[in-house]
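Chemist: Here it is, the structure in full.
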Amino acid sequence: GEHIPGLNVGGWYDAGDFDIQTPSQFSVIQDLALAYREFNLQWDQLTVDWAARSVEMHRPDGTPDAVQQVKHGVLQVLAQIKAVGHAIRGIEEPTLRQYTHLGDGASKTDGRIYSGKLGPNEVDGDFSGAPDDRWAFTSKSASLQYGAAASLAAAAPVLKGFDDALAKECLETAVKIWNEEHANPTPAPAGRNARAGMAPVDEWNAAVQLLIATNGGEPYRKRILEMFPSIAQRLGFGGWSAVHTLPYMDATFRRQLEEAVRTYVAQL
């Protein structure tokens, strides 16, 4: 029941409920960043004001919607890191009654911070005894660490020119997470990426995104070369993103990737 300040910002809910699943945030941020980079998405039909917590549809504000969505996603990821020290598994509803309620999300809560010192119907300023606050599941894992690094690194080039301070913070935080994980690896849960000799896809994604964000940073290029023989066996499961590394790799790597793709096509 302890209050964790700063988490009520950014992010997207699951479809059909009001949980925030962090791995889903990672996927959406990276997909939006990739779409913006590849297709130059300049569509603008949304006004967003984070300070006022206001969104208005069908009203352009001069910033591409894809950029604003990327920013919205990373605000939640950064909030988790600032509040807890690392990305967390998710923020979920505390009761089945809340989980099955599909109406207006604002009606799920009284808008006050829960206090165990108050009775269920008691209110004291910004605090109440209604146990309606969502729960943050604060487990730390290597998968979440690399997922955060990949997402923040993917966001940095997209945000550059629109919110340079946030772009800088995203890249610096991603590099810091990468360095921390390589200096003191977080143990992976039993069974995850457990196949002998298989490089973790989460780390691969982080290496790819950091390579792009740093314009060919050598630590990430080196790690990509080390991981590729394993990743090449799983082109359909994350390995396909090797194509985005080609501007920073040599002709030998290009030939290896082409060979892996031909093998994969035959398997399909």
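Chemist: Around Val9, with a cut-off of 12 angstrom between Cβ atoms, what is the net charge of the other residues, counting Lys and Arg +1 and Asp and Glu -1?
Modeler: Every neighbour counted, the sum reads +3.
Chemist: How would the stretch 41-96 be classified by its alpha-carbon gyration tensor: rounded, prolate or oblate, with rounded meaning a/c under 1.5 and the a/b versus b/c comparison settling the rest?
Modeler: Here the stretch 41-96 falls in the prolate category.
Chemist: Taking just the alpha carbons, could you work out the radius of gyration and Dmax for the stretch 215-268, both in angstroms?
Modeler: Final numbers for Rg and Dmax: 10.9, 33 Å.
Chemist: Moving on to the next point. Can you work out D for the stretch 109-255 in µm² s⁻¹ from Stokes-Einstein, where Rh is the Kirkwood radius over C-alpha pairs, the temperature is 25 °C and the viscosity is 0.890 mPa s?
Modeler: Translational D for this selection: 138 µm²/s.
Chemist: Using a probe of 1.4 angstrom, how much of the accessible area of the stretch 70-116 is carbon and sulfur, in percent?
Modeler: 52 percent
Chemist: May I ask which of Lys117/Lys176; Lys168/Lys222; Lys108/Lys160 have a Cα-Cα span longer than 28 Å here?
Modeler: Violating the 28 Å limit, Cα to Cα: Lys117/Lys176; Lys108/Lys160.
Chemist: Given the C-alpha centroids of the stretch 52-76 and the stretch 83-145, what is the distance between them in whole angstrom?
Modeler: Their Cα centres are 25 Å away from one another.
Chemist: Give me the aspartates and glutamates in straight-line cross-link reach of Lys82: C-alpha distance below 13 Å, same-chain residues under 8 apart excluded.
Modeler: In chain and number order, the partners are Glu169.
Chemist: Thinking of the chain as a set of Cα atoms, what percent of all their pairs are more than 25 Å apart?
Modeler: 52 percent
Chemist: I need to check one value: relative contact order of the stretch 1-87, counting alpha carbon pairs closer than 8 Å and at least 6 residues apart, in percent.
Modeler: Taking the mean separation of contacting Cα pairs over the length of the stretch 1-87, I get 37 percent.
Chemist: Just from its helices, what would the mean residue ellipticity at 222 nm be for the chain, if runs of 4 or more DSSP H residues each count -39500 (n - 2.57) and the sum is divided by every residue, rounded to the nearest 500 deg cm²/dmol?
Modeler: So the helix-based figure for the chain works out to -15000 deg cm²/dmol.
Chemist: Further question on the same structure: Which number comes out as Rg/Rh for the stretch 68-191 once both Rg and the Kirkwood Rh are worked out on C-alpha atoms?
Modeler: Ratio of gyration radius to Kirkwood radius for the stretch 68-191: 1.07.
Chemist: Once the stretch 1-154 is represented by equal point scatterers at the alpha-carbon sites, with solvent omitted, what log10 I(q)/I(0) does the Debye formula produce at q = 0.11, 0.14, 0.16 Å⁻¹?
Modeler: -0.50, -0.79, -0.99
Chemist: Using a 1.4 Å probe, what is the accessible area per residue for the chain, in Å²?
Modeler: With all protein chains present, the chain gives 55 Å² per residue.
Chemist: Ok, one more. Name the residue farthest towards the positive end of the dipole of the chain from the options Trp135, Asn179, Ala148, assuming +1 on Cβ of Lys and Arg, -1 on Cβ of Asp and Glu, about the Cα centre.
Modeler: Asn179
Chemist: Under the definition of Cα pairs under 8 Å and six or more residues apart, what whole-number percent is the relative contact order of the chain?
Modeler: After rounding, I find 16 percent.
The values are calculated or read from the model by the stated rules, or taken from the named source; none is laboratory data. What you see is a predicted model, and the numbers here were worked out from it, not measured in a lab. So basically every Cβ, Gly included, is an ideal-geometry build from the backbone, and we count neighbours across all protein chains shown. When the accessible area is computed, the model is the full protein with side chains, heavy atoms only, and any ligands, DNA or RNA have been set aside. Shrake-Rupley method; radii C 1.70, N 1.55, O 1.52, S 1.80 Å.
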